[in-house]
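The values are calculated or read from the model by the stated rules, or taken from the named source; none is laboratory data. The shown structure was predicted, so the numbers you read here are calculated from the model rather than taken from an experiment. No Cβ is skipped: glycine too gets one built from the backbone with ideal geometry, and neighbour counts run over all protein chains shown. Ligands, DNA and RNA are excluded from the accessible area calculation, which covers all protein heavy atoms including side chains. Shrake-Rupley method; radii C 1.70, N 1.55, O 1.52, S 1.80 Å.
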Amino acid sequence: MLLKTSFRLHQAWPYLFIIGILSFLFYGTGYDRNWSFWADQELTLGYNGLLINSGLNQEYIDHPGFFSIHLIALLLKVGNLLGLSDIQTIAQFNQAPSMFDAMRYLVLSARHAALLSTIALVCGAYFISNKIFKSISTALLIAFLAFVSNGVFYHFTATRTEPIAFLFLMLALYYFIASYQQIALRPYCLLQICLICFFCAALNKAQILVLAPFYFCWATYFIPSNKLTPKERSIKYSDALLAALSYASLIAFYSTQSVGLGFLFNITLVSFFNLLIAGIALKIVRSNPYLAIAVFNVCYVIAFLVVEFVSSQINLGISIFGNIADPLSMARFLKGPESALITSSSSSKGLQSFLTFIVSPLVETFGKFSSPTLLIAFCVGYLIYYRKTIALKEWWFAGFTFASFYIVNLVNKIRYLDNPHYRIFSEFFLFTFALLLIYKMPQRVQKRTLGILIFLTLLANLVPYTHYYNWLIRKGDYPYCRQGPFYEQMNVKKIMLECAKSSPQK
């Protein structure tokens, strides 16, 4: 019994250590100050949490943020249960003696959701790293390198919907790869879980659908060739017909969900997945590609319907799958100079905007020292120094990694040129490739390299007066009373009366 307890503590202490460090940083910095610093997002999510607790449907449908909103709604209920506040519904919010105090409480509740999602991300990085590197100390270093990286660290300082979407996406990739390392019926179960996680990710951030091809192509690198060779199946015309029917049925299904460019996008996405699945089936010599396509398409439709049904039932029977069924409907949220790229312009100003857009990922990466700059420098330096020992497959993967980082970064900039909250999606490719190279090193060198990368990333992010430092301590101002946001169910008159008396920070 004592040995079992000791073993469990040996497994659990790294997670407790991560939770302790992140909690200490969260409560030791400015988590509870300047509620209006990111009022546009944190207050939005908190307000929608109030609606959920009031038995109302969420109003935020930009990128649904389904799981983020429900997490905040749960935190509001827990706060009420613990006696921290009476505010858990929109009616209680509107009856609060001070609207500023009520809004501040909403924002602080949302910030705790950011803490929990960051803990999940960092613990997830540790879990996977420990599985691969077989070393607790090395895995902890990798986990903290993930934490201080620009993409993750930003989400520790401000509440957004991206982290939970990213977590579901990573689960989808994990089960996708795992489905090719099993035999019998289990792979189909894992594939089904993968696709359910994929649509859950899209339910929190519909943008995932646009970026999906890059991540699933990345996953194929880790699917070994000829890993499994059960009794080979001869390819029959019936299998080809079954694949064709499943593909046609999936296209017909999407024809009921989207129209125009949205429908064309869905055809492209489904066609990509079908080609990818067929290619993998041929690569691992596991079964004929037609049967693999048919199974995937059936699982795809099931995952779509299951996630839509469950989320709709939770949301009073109202579906919020609009951006998922028709991803290009997100174009209605584009604004500013970036939206001109979609509508196109022949003027010199339009060309200048286009060129600015094209080079913006490069300017952001190399214009100042940051974690992507550091990871690129490390990867390129390693490839050059060990060029004679790098296999052709690794050179191709390196090219794919750098291209994916740039393209995903570029796609994310269609909405905002300055988008630190989206870096979590693009930096993933650099981070994982750097770990692939570090894995080749002796264990002692691995730890030294990770320690240097952590130190330099911290140096870049936490020098006083940098953006990341200011975000961490919430240094700055947001003119809430002049710009809002104000919402349908809020008592706006009461808020404006309070704005006339004092600023939100007093």
* Within segment 186-221, restricting attention to residues that are among the aromatic types (Phe, Trp, Tyr) and crowded, with 16+ Cβ neighbours inside 10 Å, which residue is farthest from Thr268 (Cα to Cα)? -> Tyr221
* Restrict the check to segment 455-469 and report whether at least one residue is within 30 Å of Lys134 (Cα to Cα), of a type in the set (Val, Ile, Thr) and either more than 21 Å from the chain's Cα centre (by Cα) or open to solvent by less than 50 Å² (accessible area, probe 1.4 Å) (or both). => yes
* Where residues in segment 416-440 are open to solvent by less than 30 Å² (accessible area, probe 1.4 Å) and among the aliphatic types (A, V, I, L, M), which of them is nearest to Ala391 (Cα to Cα)? -> Leu437
* To do: Spot the failing condition for Lys413; the list is (1) under 19 Å from Leu458 (Cα atoms); (2) at pLDDT below 90; (3) open to solvent by less than 30 Å² (accessible area, probe 1.4 Å), and only one is missed.
  => (1)
* Complete set of residues in segment 183-194 that are in contact (Cβ under 8 Å) with a residue 24 or more places away in the chain and part of a loop (DSSP other than H, G, I, E, B) -> Ile183
* Can you tell me which residue within segment 237-263, out of those that are open to solvent by 70 Å² or more (accessible area, probe 1.4 Å) and not in a helix (DSSP H, G or I), is farthest from Pro327 (Cα to Cα)? => Thr256
* To do: Just need a number here: residues in segment 359-396 that are exposed (fewer than 12 other Cβ atoms within 10 Å of the Cβ), of a type in the set (Phe, Trp, Tyr) and either in contact with a Leu (Cβ under 9 Å, 6 or more places away or on another chain) or more than 24 Å from Ile454 (Cβ to Cβ) (or both).
  => 1
* For Leu25: the one exception among (1) at pLDDT below 90; (2) open to solvent by 40 Å² or more (accessible area, probe 1.4 Å); (3) closer than 17 Å to Val148 by Cα -> (1)
* Subset of segment 45-59 [under 22 Å from the mean Cα position of the chain (by Cα) and small (Gly, Ala, Ser)] -> Gly46, Gly49
* Inside segment 276-324, can you point out the residues that are surrounded by fewer than 20 Cβ atoms within 10 Å (Cβ to Cβ) and either touching a Gly at 6+ places or on another chain (Cβ under 8 Å) or basic (Lys, Arg) (or both)? -> Lys283, Leu316
* Might you let me know whether segment 61-68 holds any residue that is charged (D, E, K, R), open to solvent by 40 Å² or more (accessible area, probe 1.4 Å) and touching a helix residue (DSSP H, G or I) at 6+ places or on another chain (Cβ under 7 Å)? => no
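Here's the yes/no breakdown for (1) farther than 21 Å from Val210 by Cβ; (2) aromatic (Phe, Trp, Tyr); (3) in a helix (DSSP H, G or I); (4) touching a residue at least 24 places away in the same chain (Cβ under 8 Å):
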site: Ala281; (1), (2), (3), (4): yes, no, yes, no
site: Leu291; (1), (2), (3), (4): yes, no, yes, yes
site: Val298; (1), (2), (3), (4): yes, no, yes, yes
site: Val301; (1), (2), (3), (4): no, no, yes, yes
site: Leu328; (1), (2), (3), (4): no, no, yes, yes
* Check every one of the helices (runs of 4 or more DSSP H) wholly within segment 461-506 and list those with 2 or more residues that are charged (D, E, K, R) and at pLDDT 85 or above. => 492-501
* Somewhere in segment 397-405, is a residue over 21 Å from the mean Cα position of the chain (by Cα) and either among the basic types (Lys, Arg) or open to solvent by less than 20 Å² (accessible area, probe 1.4 Å) (or both)? -> yes
